[in-house]
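Okay, structure first, notes after.
The values are calculated or read from the model by the stated rules, or taken from the named source; none is laboratory data. In this text, all values refer to a predicted model and were calculated from it rather than measured experimentally. Quick reminder, even Gly has a Cβ in these numbers, built from the backbone with ideal geometry, and neighbours come from all protein chains shown. We work out accessible area using only protein heavy atoms, side chains counted, and drop any ligands, DNA or RNA first. Shrake-Rupley method; radii C 1.70, N 1.55, O 1.52, S 1.80 Å.
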Amino acid sequence: MIKEALYYQRGNSGEEAEKELIVLEKRELTEKEIEEFVKKWGGSYSSLFCYRLSESFFYPEGGGQPCDRGSIAGAKLLFVEEKDGELWQYTEADFPEGAKVRCQFDTDFRRWQSENHSAEHIFSGLVSKRFSYKNSGFHMECFGENPHMTVDFDGEFSEKELEELEQGVNAVIRKNLPIREIYLEGEEDRSLERKDGSISFRQKKALEGDIRIIEIPKVDSCACCGTHVSFTGEIGVFTILSYEKHRKGCRLTMLAGELAFLALEKKLKLLSGFAQSLSRPWTEIPEAFQSLQERIFAKEEEKRGILEAGISLLEEKILKELEEKRKGI
């Protein structure tokens, strides 16, 4: 976590998405390091460089959130990681130390990740307050044909509880609550009292040193190094895509923000097309599908009956022929 990092300023468009930085340090990866990089992240590279820049502009991978996408002087940004409080950016391009490079992050990708990460905090906060389940795993994939995020919990939910939690998250979104950052510096600050009560927060593991907390009033307070929107209303919409039992708890696949809207729009179009083929409104798809299943089952039963009758007639014919041959002998 880098407290003064530019990626925490929540800028997602305009001039904030581009900045000229200076290459402070450069290192070319060895063949073995390139092989390890390819094994982990894919791709094919004849050479690979990592750079330390003059400011913390790109978000590094961490806390279940992938690193930013973007470019450095037009070269594709391949990966960003934080090591000992310093950011290292990886590209195929070779820049000399001291060079000024124009850096740009993918504004849509940054926004999608922020929308989804904030929605996950709301969901996990509601779960923590109602069920006391712990969030044991989190991963986001805000790209490709199937964008989603997965969250693991050490307990299970009923269908009705999931419906209520989904409605609860969307209710918090509509309230447009502020999403605040709180920084605790060292062990001493953790015992400080605030006007609205003592500091308490969710955390997946024991933390040392400075801690960044993301707080949504009366909803959630959680240690986090990821990017977030400024108000819950910016998320727009939240939906649960799937639910499955996982280890001793469950795994939920969900989506929020613009990506959720696009996914729901696509689903509605598919449902409407299916309903049109059945000559029924999409709201009656369950009944229409059940009726279709019953008709298919009835046809299968009819075919089975015809087949069984045919087999019976064949058996009778064979037995009759055998009997006639026996009597002839």
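A few comments on the model shown:
- Filtered by the rule that a residue be in contact with a Pro (Cβ under 7 Å, 6 or more places away or on another chain) and either surrounded by fewer than 23 Cβ atoms within 10 Å (Cβ to Cβ) or of a type in the set (Ser, Thr, Tyr) (or both), region 231-258 gives a lone residue, Phe231.
- Among the numbered conditions (1) more than 27 Å from Glu16 (Cβ to Cβ); (2) open to solvent by 40 Å² or more (accessible area, probe 1.4 Å); (3) at pLDDT 95 or above, the only one that Ala171 does not meet is (2).
- Flag if Arg180 is out of contact with any strand residue (DSSP E or B) (no Cβ under 8 Å at 6 or more places or on another chain), open to solvent by 80 Å² or more (accessible area, probe 1.4 Å) and either within 22 Å of Thr227 (Cα to Cα) or at pLDDT below 95 (or both): no
- In summary, strands (runs of 3 or more DSSP E) completely within region 25-101 and bearing 1 or more residues that are at pLDDT 95 or above and out of contact with any Asp or Glu (no Cβ under 8 Å at 6 or more places or on another chain) occur at 49-53, 70-72, 86-91.
- Cβ-Cβ under 6 Å pairs, at least 6 apart or on other chains, region 150-173 side over 11 Å from Leu126 (Cα atoms), far side open to solvent by 20 Å² or more (accessible area, probe 1.4 Å) and charged (D, E, K, R): Thr150/Arg251; Asp152/Arg251; Asp154/Lys134
- Candidates Glu4, Glu18, Glu61: the one that is in contact (Cβ under 8 Å) with a residue 12 or more places away in the chain, farther than 30 Å from Cys222 by Cβ, open to solvent by 50 Å² or more (accessible area, probe 1.4 Å) and not hydroxyl-bearing (Ser, Thr, Tyr) is Glu18.
- Region 123-166: number of residues that are of a type in the set (A, V, I, L, M, F, W, C), modelled with pLDDT of 90 or more and under 14 Å from the mean Cα position of the chain (by Cα): 6
Per-residue answers, yes or no, for (1) touching a Lys or Arg at 6+ places or on another chain (Cβ under 8 Å); (2) modelled with pLDDT under 90; (3) within 19 Å of Ile2 (Cβ to Cβ):
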| position | (1), (2), (3) |
| --- | --- |
| Arg190 | no, yes, no |
| Gly233 | yes, no, no |
| Tyr243 | yes, no, no |
| Met254 | no, no, no |
| Glu265 | no, yes, no |
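- Region 27-52, subset among the small types (Gly, Ala, Ser) and either free of Cβ contacts under 8 Å to residues at least 24 places away in the same chain or surrounded by fewer than 12 Cβ atoms within 10 Å (Cβ to Cβ) (or both), residue nearest to Glu97 (Cα to Cα): Ser47
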